């Protein structure tokens with residue numbers, strides 16, 4: 001069975017206090033990916049200890065974790081272009097057909113506008 005991966009939504013910090021001095025330690029950065037073992041257990045280890053969650057517990061912590069969907073229906077079409085065509089400026093089509101929500105589509109649009117548009 002294939003278990004979903006989970007992405008950390010925000011930095012995971014541990015705060016402690018000893019002798020009146022407060023300390024904040026970064027355990028995992030935002031965007032860290034957690035994967036299950038073959039038993040479906042998400043084991044999270046760090047210098048301060050070890051925790052184990054099942055898939056339902058990970059899904060219940062929506063403010064901390066977001067499930068990453070595994071997609072098997074992605075098609076990529078590549079057309080080979082002769083090398084001497086590399087310097088010609090002409091109209092090209094980049095097409096991405098996806099099945100998603102409108103909210104996620106807007107996130108993809110923002111990423112494309114931020115990272116792809118400047119190099120075009």
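Here the condition is being touching a helix residue (DSSP H, G or I) at 6+ places or on another chain (Cβ under 9 Å) and either loosely packed, with under 12 Cβ neighbours inside 10 Å or touching a residue at least 24 places away in the same chain (Cβ under 8 Å) (or both); of 49, 40, it holds for 40 alone. Of the residues in segment 67-83, at least one is modelled with pLDDT under 85, over 28 Å from residue 117 (Cα atoms) and surrounded by 10 or more Cβ atoms within 10 Å (Cβ to Cβ).
If the condition is being in a loop (DSSP other than H, G, I, E, B) and surrounded by 10 or more Cβ atoms within 10 Å (Cβ to Cβ), then segment 9-21 contributes 9, 10, 11.
Among the conditions (1) modelled with pLDDT under 75; (2) more than 17 Å from the chain's Cα centre (by Cα), residue 97 misses just one, which is (1). For segment 22-37, filtering for residues that are touching a residue at least 12 places away in the same chain (Cβ under 8 Å) and either under 11 Å from residue 7 (Cα atoms) or in a strand (DSSP E or B) (or both) leaves 11.
The values are calculated or read from the model by the stated rules, or taken from the named source; none is laboratory data. Since the structure is predicted, the reported quantities are computational estimates derived from the model, not experimental observations. All Cβ positions, glycine included, derive from the backbone under ideal geometry; neighbour counts span all protein chains shown.
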